[in-house]
Amino acid sequence: TPEERYVPLRREPKLFESLLRDEWLTSEARAVAAAAWEGYLHDAVVREYSGVYSFELFSKAFCETFLREVDNYDASGLPVRRPNSMNNYGLIVNEIGMRDAITQLQQEILWPVARLLFPLQSTRF
(Lines give C-alpha, C1' and ligand atoms only; values in the text may rest on other atoms or scores of the structure.)
Protein backbone atom coordinates (compact mmCIF):
# COMPACT_ATOMS: atom_id res chain seq x y z
CA THR A 1 0.00 0.00 0.00
CA PRO A 2 1.13 3.61 -0.40
CA GLU A 3 0.99 3.93 3.40
CA GLU A 4 3.47 1.09 3.87
CA ARG A 5 5.72 2.32 1.06
CA TYR A 6 5.81 5.80 2.59
CA VAL A 7 7.09 4.71 6.04
CA PRO A 8 10.81 4.88 5.13
CA LEU A 9 10.27 8.19 3.32
CA ARG A 10 8.66 10.06 6.20
CA ARG A 11 10.33 13.37 6.92
CA GLU A 12 8.70 13.96 10.33
CA PRO A 13 8.03 10.54 11.95
CA LYS A 14 6.68 12.19 15.12
CA LEU A 15 3.63 13.34 13.14
CA PHE A 16 2.59 9.73 12.75
CA GLU A 17 2.83 8.98 16.48
CA SER A 18 0.83 11.75 18.14
CA LEU A 19 -0.32 15.29 17.38
CA LEU A 20 -0.79 16.04 21.09
CA ARG A 21 2.75 17.29 21.68
CA ASP A 22 3.19 20.39 23.81
CA GLU A 23 5.08 22.16 21.04
CA TRP A 24 2.31 21.49 18.51
CA LEU A 25 -0.87 22.34 20.43
CA THR A 26 -1.55 25.85 21.60
CA SER A 27 -2.10 26.50 25.30
CA GLU A 28 -5.55 27.69 24.24
CA ALA A 29 -6.33 24.28 22.74
CA ARG A 30 -5.26 22.53 25.92
CA ALA A 31 -7.43 24.89 28.01
CA VAL A 32 -10.42 24.38 25.70
CA ALA A 33 -10.06 20.60 25.92
CA ALA A 34 -9.62 20.61 29.70
CA ALA A 35 -12.74 22.74 30.11
CA ALA A 36 -14.72 20.48 27.78
CA TRP A 37 -13.70 17.40 29.76
CA GLU A 38 -14.99 19.23 32.86
CA GLY A 39 -18.29 19.89 31.09
CA TYR A 40 -18.09 23.55 30.17
CA LEU A 41 -17.19 25.60 27.12
CA HIS A 42 -14.03 27.71 27.45
CA ASP A 43 -14.17 31.40 26.54
CA ALA A 44 -11.57 30.80 23.83
CA VAL A 45 -14.18 29.04 21.69
CA VAL A 46 -15.56 31.72 19.39
CA ARG A 47 -18.92 31.55 17.65
CA GLU A 48 -18.11 32.68 14.12
CA TYR A 49 -21.56 32.08 12.68
CA SER A 50 -24.57 29.95 13.50
CA GLY A 51 -23.19 26.43 13.95
CA VAL A 52 -19.61 27.51 13.21
CA TYR A 53 -17.08 27.74 16.05
CA SER A 54 -13.34 28.21 16.23
CA PHE A 55 -10.38 28.17 18.57
CA GLU A 56 -6.66 28.20 17.96
CA LEU A 57 -5.65 24.55 17.86
CA PHE A 58 -2.20 24.14 16.35
CA SER A 59 1.01 26.11 16.81
CA LYS A 60 2.91 27.66 13.93
CA ALA A 61 5.61 25.01 14.46
CA PHE A 62 3.06 22.25 13.90
CA CYS A 63 1.64 23.89 10.79
CA GLU A 64 5.11 24.22 9.27
CA THR A 65 5.99 20.62 10.16
CA PHE A 66 2.72 19.30 8.79
CA LEU A 67 3.05 21.20 5.51
CA ARG A 68 6.63 19.91 5.07
CA GLU A 69 5.32 16.37 5.46
CA VAL A 70 2.49 16.92 2.97
CA ASP A 71 4.97 18.39 0.48
CA ASN A 72 7.30 15.46 1.12
CA TYR A 73 4.53 12.97 0.38
CA ASP A 74 3.57 14.84 -2.79
CA ALA A 75 7.20 14.73 -3.93
CA SER A 76 7.50 10.99 -3.19
CA GLY A 77 5.70 9.96 -6.37
CA LEU A 78 3.38 7.68 -4.43
CA PRO A 79 -0.30 7.72 -5.44
CA VAL A 80 -2.45 10.45 -3.94
CA ARG A 81 -6.17 10.02 -3.46
CA ARG A 82 -7.87 13.41 -3.22
CA PRO A 83 -10.67 14.06 -0.70
CA ASN A 84 -13.10 14.79 -3.53
CA SER A 85 -13.15 15.47 -7.25
CA MET A 86 -13.20 19.26 -6.71
CA ASN A 87 -9.98 19.21 -4.71
CA ASN A 88 -6.81 19.16 -6.79
CA TYR A 89 -4.35 19.53 -3.91
CA GLY A 90 -5.86 17.78 -0.88
CA LEU A 91 -4.38 14.69 0.73
CA ILE A 92 -6.23 12.17 2.89
CA VAL A 93 -3.69 11.94 5.70
CA ASN A 94 -5.37 8.87 7.20
CA GLU A 95 -4.25 7.01 4.09
CA ILE A 96 -0.57 7.88 4.49
CA GLY A 97 -0.29 6.59 8.05
CA MET A 98 -1.74 9.34 10.23
CA ARG A 99 -5.02 7.61 11.12
CA ASP A 100 -4.03 6.82 14.72
CA ALA A 101 -2.66 10.33 15.36
CA ILE A 102 -5.79 11.95 13.91
CA THR A 103 -8.08 9.64 15.89
CA GLN A 104 -6.26 10.54 19.11
CA LEU A 105 -6.66 14.27 18.34
CA GLN A 106 -10.37 13.77 17.69
CA GLN A 107 -10.93 11.78 20.87
CA GLU A 108 -8.88 13.93 23.23
CA ILE A 109 -9.47 17.47 21.91
CA LEU A 110 -12.21 17.76 19.30
CA TRP A 111 -14.94 15.37 20.41
CA PRO A 112 -15.24 16.72 23.98
CA VAL A 113 -15.75 20.22 22.55
CA ALA A 114 -18.15 18.98 19.86
CA ARG A 115 -20.25 17.20 22.48
CA LEU A 116 -20.85 20.53 24.21
CA LEU A 117 -21.55 22.46 21.01
CA PHE A 118 -23.63 19.82 19.25
CA PRO A 119 -25.20 17.61 21.91
CA LEU A 120 -27.81 16.03 19.65
CA GLN A 121 -25.42 15.21 16.80
CA SER A 122 -22.70 14.05 19.19
CA THR A 123 -24.76 11.10 20.36
CA ARG A 124 -23.45 9.41 17.20
CA PHE A 125 -19.79 9.52 18.22
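Go through segment 9-64 and give me each residue that's touching a His at 6+ places or on another chain (Cβ under 6 Å) and in contact (Cβ under 8 Å) with a residue 40 or more places away in the chain. Before you say what the answer is, go through the steps one by one.
From segment 9-64, those touching a His at 6+ places or on another chain (Cβ under 6 Å) are 31-32, 35; that's our starting set.
Within segment 9-64, Val32 is the sole residue that qualifies.
What number of residues within segment 34-61 are charged (D, E, K, R) and closer than 21 Å to Gln107 by Cα? Lay out the reasoning, then the answer.
First, pick out the residues of segment 34-61 that are charged (D, E, K, R): 38, 43, 47-48, 56, 60.
If we keep only those that are closer than 21 Å to Gln107 by Cα too, we end up with 38, 43, 56.
Total satisfying the criteria: 3.
Can you name the helices (runs of 4 or more DSSP H) wholly within segment 46-125 that have at least 3 residues being open to solvent by 70 Å² or more (accessible area, probe 1.4 Å)? Write out each step before concluding.
On the way: elements: 60-76, 99-105, 111-117.
Hits in segment 46-125: 60-76.
Go through segment 1-30 residue by residue and tally those that are part of a helix (DSSP H, G or I) and either farther than 17 Å from Pro112 by Cα or in contact with a Phe, Trp or Tyr (Cβ under 9 Å, 6 or more places away or on another chain) (or both).
Filtering segment 1-30 down to residues part of a helix (DSSP H, G or I) leaves 2-9, 13-16, 27-30.
Restricting the remaining residues to those that are either farther than 17 Å from Pro112 by Cα or in contact with a Phe, Trp or Tyr (Cβ under 9 Å, 6 or more places away or on another chain) (or both) gives 2-9, 13-16, 28-29.
Residues meeting the conditions: 14.
The values are calculated or read from the model by the stated rules, or taken from the named source; none is laboratory data. Bear in mind that the values here come from a model prediction, so they are computed numbers and not experimental data. Neighbour counts run over all protein chains shown; Cβ positions are idealised from the backbone, glycine included. Please note that ligands, DNA and RNA were not included when accessible areas were found on the heavy atoms of the full protein model with its side chains. Shrake-Rupley method; radii C 1.70, N 1.55, O 1.52, S 1.80 Å.
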